[in-house]
Amino acid sequence: RAREVDGTLVLTHVSPDGDEGFPGALEARVTWSLTADGVLRLDYWAKSDADTLCNLTNHSYFNLLGHGAGTLAGQQIQIFAGAVTQTDGDSTPTGALLPVEGTPFDLRRPRDILAGLALDHPQLTLGSGYDHNFVLHRERVSPLAPAARVTAGGLVLECATTQPGLQFYTANFLDGTPGKEGAAYGPRSAFCLEAQG
């Protein structure tokens, strides 16, 4: 369900007990709001009537040069994390944390996204690019803490979160399907920043 409440968008969903194999009826809600100073804010809430897993996030795609720019050329990213979660061939986390020092995942200083993708690393090969959880903190923090900063074309996108992780994804598996105004959305045409537990 979607509804407007005091100038915000409130999306709700109820997942019944056993849905996709998970126990408990889960009620989830995300509220999207845009502040007067240009901050897009997402607030998540969930409640289950049984112990279950729940890790809500968003999967919004961004390209600071515009949706029809074609690639992420000229866009720099900085992620405030000292480790990433290792993944296997199915992009499933193994539980191991890999230090970013000396790897393409060392984004503690701004790095051109495409230059990072051009570097050789087994984790980039497995994920066909960046599709990794960057470890911001060991557990949730409050208030919001800086997670990432992306710059291009005179624009800056800053991401802050209370969550311990940030999934950085470079549209590795988009297939070129036409989108808005006929623009082709293929690999490396956009990025996602997904704050998560």
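The values are calculated or read from the model by the stated rules, or taken from the named source; none is laboratory data. As the structure is a computational prediction, the values presented were derived from the model and not from experiment. As a convention, Cβ positions derive from the backbone with ideal geometry for all residues, glycine included, and neighbour counts pool all protein chains shown. Side chains are part of the model used for accessible areas, which takes the heavy atoms of the whole protein and leaves out ligands, DNA and RNA. Shrake-Rupley method; radii C 1.70, N 1.55, O 1.52, S 1.80 Å.
Somewhere in region 74-82, is a residue touching a helix residue (DSSP H, G or I) at 6+ places or on another chain (Cβ under 9 Å), within 23 Å of residue 190 (Cβ to Cβ) and either modelled with pLDDT under 95 or exposed (fewer than 15 other Cβ atoms within 10 Å of the Cβ) (or both)?
Looking for residues that are touching a helix residue (DSSP H, G or I) at 6+ places or on another chain (Cβ under 9 Å), within 23 Å of residue 190 (Cβ to Cβ) and either modelled with pLDDT under 95 or exposed (fewer than 15 other Cβ atoms within 10 Å of the Cβ) (or both), one finds at least one in region 74-82, hence yes.
If you go through region 111-118 one residue at a time, do you hit one that is open to solvent by 80 Å² or more (accessible area, probe 1.4 Å), in contact with a Cys (Cβ under 8 Å, 6 or more places away or on another chain) and not β-branched (Val, Ile, Thr)?
Checking region 111-118: not a single residue is open to solvent by 80 Å² or more (accessible area, probe 1.4 Å), in contact with a Cys (Cβ under 8 Å, 6 or more places away or on another chain) and not β-branched (Val, Ile, Thr).
For every residue, the table says whether it meets (1) within 24 Å of residue 158 (Cβ to Cβ); (2) acidic (Asp, Glu).
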position: 85; (1), (2): yes, no
position: 92; (1), (2): no, no
position: 109; (1), (2): yes, no
position: 113; (1), (2): yes, no
position: 120; (1), (2): no, yes
position: 126; (1), (2): no, no
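Regarding region 157-171, can at least one residue be identified that is under 17 Å from residue 60 (Cα atoms) and open to solvent by 50 Å² or more (accessible area, probe 1.4 Å)?
For region 157-171, residues under 17 Å from residue 60 (Cα atoms) and open to solvent by 50 Å² or more (accessible area, probe 1.4 Å): present.
Return yes when residue 64 is assigned to a loop (DSSP other than H, G, I, E, B) and either of a type in the set (A, V, I, L, M) or open to solvent by 50 Å² or more (accessible area, probe 1.4 Å) (or both) and no when it is not.
For residue 64, the condition - assigned to a loop (DSSP other than H, G, I, E, B) and either of a type in the set (A, V, I, L, M) or open to solvent by 50 Å² or more (accessible area, probe 1.4 Å) (or both) - is met.
Answer yes or no: is there a residue in region 188-196 that is within 13 Å of the chain's Cα centre (by Cα), part of a loop (DSSP other than H, G, I, E, B) and closer than 18 Å to residue 83 by Cβ.
no
Run down 133, 58 and say which single residue is in contact (Cβ under 8 Å) with a residue 60 or more places away in the chain, open to solvent by less than 60 Å² (accessible area, probe 1.4 Å), closer than 24 Å to residue 156 by Cα and part of a strand (DSSP E or B).
133
Does residue 109 count as among the basic types (Lys, Arg) and within 20 Å of residue 76 (Cα to Cα)?
yes
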